[in-house]
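The values are calculated or read from the model by the stated rules, or taken from the named source; none is laboratory data. Because the structure is a prediction, the values reported are computed rather than measured. Counting neighbours? That spans all protein chains shown, and the Cβs are built from the backbone with ideal geometry, glycine included. Accessible surface is based on the protein model in full, side chains and every heavy atom, while ligands, DNA and RNA are left aside. Shrake-Rupley method; radii C 1.70, N 1.55, O 1.52, S 1.80 Å.
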Amino acid sequence: MKLRQGQFSFLPDLSDDDIRVQAQYAIDNGWAVSVEYTDDPHPRNTYWEMWGHPMFDNPDAAAVVFEVSECRKEHGGKYIRVIAFDASPGWESIRMSFIVNRPATEPGFRLVRQEDAGRVVRYTIESYAAREPEGARYA
Amino acid sequence: MDNPRPTHVDLAQSFHDSGVRDVLRELDKTLIGLEPVKSRIRETAALLLVDQARRQMGLATETPTLHMSFTGNPGTGKTTVALKMADLLHRLGYVRKGHLVTVTRDDLVGQYIGHTAPKTKEVLKKAMGGVLFIDEAYYLYRPENERDYGQEAIEILLQVMENNRDDLVVILAGYSDRMDRFFGSNPGFRSRIAHHIEFPDYSDPELLHIAENMLAVQNYRLDDGARMAMEHYIAARRTQPHFANARSVRNALDRARLRQANRLFNEGNGPIDADRLSLIAEADIRASRVFRGGLDMDKIDGDRLDVRAANRQAAAQ
């Protein structure tokens, strides 16, 4: 099951050129672009591992593509995303976020039902991948 | 999607449209002397224009190697030309942004193990889409210390110069003899750099011309006596140590402005008009210590200071 998180996730995977154009858009808007990776695909997992520092003063997006490919070399079997942080007052938050790399196989999520008092059922989801310990989740 | 390929190109038209002509004209106008450099830049521009046309017609696919080395004595305009070169490459579409990032060894080489690679990569990332200008590049390689981290920076540089040729252009600059030695011990660099441009020293009349241009930009001018003094100054300064071509001239002019301000202040009688404010007189230049034997004067002054300090110490005891 393909993970649908962030922008462009219903489109075919982005090529390096697509990534460059999108990152350049963010840079031209004055947002700091950074690269992050994780092997825990849970949608509420907002804090992914940082790959290097956010790029505050790179005028060209080639640097972003460079970092993405560096990150792929190390973490090619995990999820990698590019995010753009807007530091302007009032925003101070992420403006863009899109996945640029995903594992070869994505097992998807299972629905977990928890019986609670009074026949109440609580639902949650759990990634099949997350049953394995960190670092051993994807081939 | 693909545009149909043109069957013929008008080089003169693209020369005009790309704005290359403006850059070259500005180069001709603002840079004095440096004829071999200018002709090399014109050649490079022509090559790139032709290459661009070939690409439009589908004849060329590879990006040409544009890494360069600028060699020449201090103050011969290497940085200035690098700035122009970045502009030129930007207009021709070989770099996307056309900014110039100037670095030296300190910006690339770290201080402890594992510090160099991130530092170098950070600089390279900043320079992507533009031109990376490495001043005094030979300092990167220190043969006397085999554990020097410079080697690591060189390896990363070479790798990026090769793999990210579309993303950035690297210009190495430095004094001729040391750069030759640097290239000799790093053959990888020599083969990855296509354009070696040699910057000649300026002649005395050229330096005088440069001096007048520098002053004109700041709305100063020399009177006839001062021009003569400046000519003598340049001739005298050249024979003294640490002569740095245009940079020495600029420093001399800065000091002359200082003396001029001081003179006007001390004369200080009556109103001063714009003409007097912008005139550098002969005395302002003649007062330079270059006419009194040059920098060695410093040493004499220094000795005198030492004597004074010794006296003071003796008095204190």
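Looking only at segment A:54-70, filter to residues that are outside any helix (DSSP H, G or I) and either more than 9 Å from chain B (Cβ to nearest Cβ) or out of contact with any Asp or Glu (no Cβ under 8 Å at 6 or more places or on another chain) (or both); which one of those is modelled with the lowest pLDDT?
Kept after step one, since they are outside any helix (DSSP H, G or I), are these residues of segment A:54-70: A:54-61.
If we keep only those that are either more than 9 Å from chain B (Cβ to nearest Cβ) or out of contact with any Asp or Glu (no Cβ under 8 Å at 6 or more places or on another chain) (or both) too, we end up with A:54, A:56-59, A:61.
Values: A:P54: 91, A:F56: 89, A:D57: 85, A:N58: 88, A:P59: 90, A:A61: 92.
Ranking the qualifying residues of segment A:54-70, first place goes to A:D57.
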Handout entry: Any hit, segment A:22-37, residues being modelled with pLDDT of 90 or more, open to solvent by 30 Å² or more (accessible area, probe 1.4 Å) and among the small types (G, A, S)
Key = yes
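Can you go through B:R257, B:R263, B:R237 and tell me which one is part of a helix (DSSP H, G or I) and open to solvent by 70 Å² or more (accessible area, probe 1.4 Å)?
Numbers: B:R263 fails: open to solvent by 70 Å² or more (accessible area, probe 1.4 Å); B:R237 fails: open to solvent by 70 Å² or more (accessible area, probe 1.4 Å).
The unique qualifying residue is B:R257.
Residues are listed down the side, and each one gets a yes or a no for (1) small (G, A, S); (2) closer than 28 Å to B:K38 by Cα; (3) at pLDDT 90 or above:
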| site | (1), (2), (3) |
| --- | --- |
| B:R238 | no, yes, no |
| B:R255 | no, no, yes |
| B:L258 | no, no, yes |
| B:D273 | no, no, no |
| B:R276 | no, no, no |
| B:E282 | no, no, no |
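Looking only at segment A:72-96, count every residue that is open to solvent by 70 Å² or more (accessible area, probe 1.4 Å), among the hydrophobic types (A, V, I, L, M, F, W, C) and not in a strand (DSSP E or B) and tell me the total.
Within segment A:72-96, the first condition is being open to solvent by 70 Å² or more (accessible area, probe 1.4 Å), and the residues that meet it are A:73-74, A:85, A:89-92, A:94-95.
Now restrict to residues that are among the hydrophobic types (A, V, I, L, M, F, W, C): A:85, A:91, A:94.
From what's left, not in a strand (DSSP E or B): A:91.
Matching residues across segment A:72-96 total 1.
Limited to segment B:15-40, what total is found for residues that are open to solvent by less than 40 Å² (accessible area, probe 1.4 Å) and either free of Cβ contacts under 8 Å to residues at least 24 places away in the same chain or more than 21 Å from B:N245 (Cα to Cα) (or both)? Working first, answer last.
So the first thing to find is which residues in segment B:15-40 are open to solvent by less than 40 Å² (accessible area, probe 1.4 Å), and the list is B:18-20, B:23-24, B:27, B:31-34, B:37-38.
Add one more test, that the residue is either free of Cβ contacts under 8 Å to residues at least 24 places away in the same chain or more than 21 Å from B:N245 (Cα to Cα) (or both), and what stays is B:18-20, B:23-24, B:38.
So the answer is 6.
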Completion exercise
So the helices (runs of 4 or more DSSP H) completely within segment B:98-185 holding 1 or more residues that are away from chain A (no Cβ under 14 Å), surrounded by fewer than 21 Cβ atoms within 10 Å (Cβ to Cβ) and of a type in the set (A, V, I, L, M) are B:150-163
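For segment B:219-237, does any single residue satisfy the condition of being in contact (Cβ under 8 Å) with a residue 40 or more places away in the chain, over 16 Å from B:I280 (Cβ atoms), outside the structural domain of B:M85 (by the TED database) and of a type in the set (D, E, K, R)? Give the derivation first.
Step one: list which residues in segment B:219-237 are in contact (Cβ under 8 Å) with a residue 40 or more places away in the chain, which gives B:219-223, B:225-226, B:228-230, B:232-233, B:236-237.
Of the ones still in play, those that are also over 16 Å from B:I280 (Cβ atoms) are B:236-237.
Add one more test, that the residue is outside the structural domain of B:M85 (by the TED database), and what stays is B:236-237.
Narrowing the set further to residues that are of a type in the set (D, E, K, R) leaves B:237.
Yes, segment B:219-237 contains at least one residue that is in contact (Cβ under 8 Å) with a residue 40 or more places away in the chain, over 16 Å from B:I280 (Cβ atoms), outside the structural domain of B:M85 (by the TED database) and of a type in the set (D, E, K, R).
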Problem - Flag if B:K84 is open to solvent by 30 Å² or more (accessible area, probe 1.4 Å), of a type in the set (D, E, K, R) and within 13 Å of chain A (Cβ to nearest Cβ) - result: no
Problem - Residue list for segment B:40-67, filter: within 20 Å of B:F199 (Cα to Cα) and either touching a Phe, Trp or Tyr at 6+ places or on another chain (Cβ under 6 Å) or not in a helix (DSSP H, G or I) (or both) - result: B:L66, B:H67
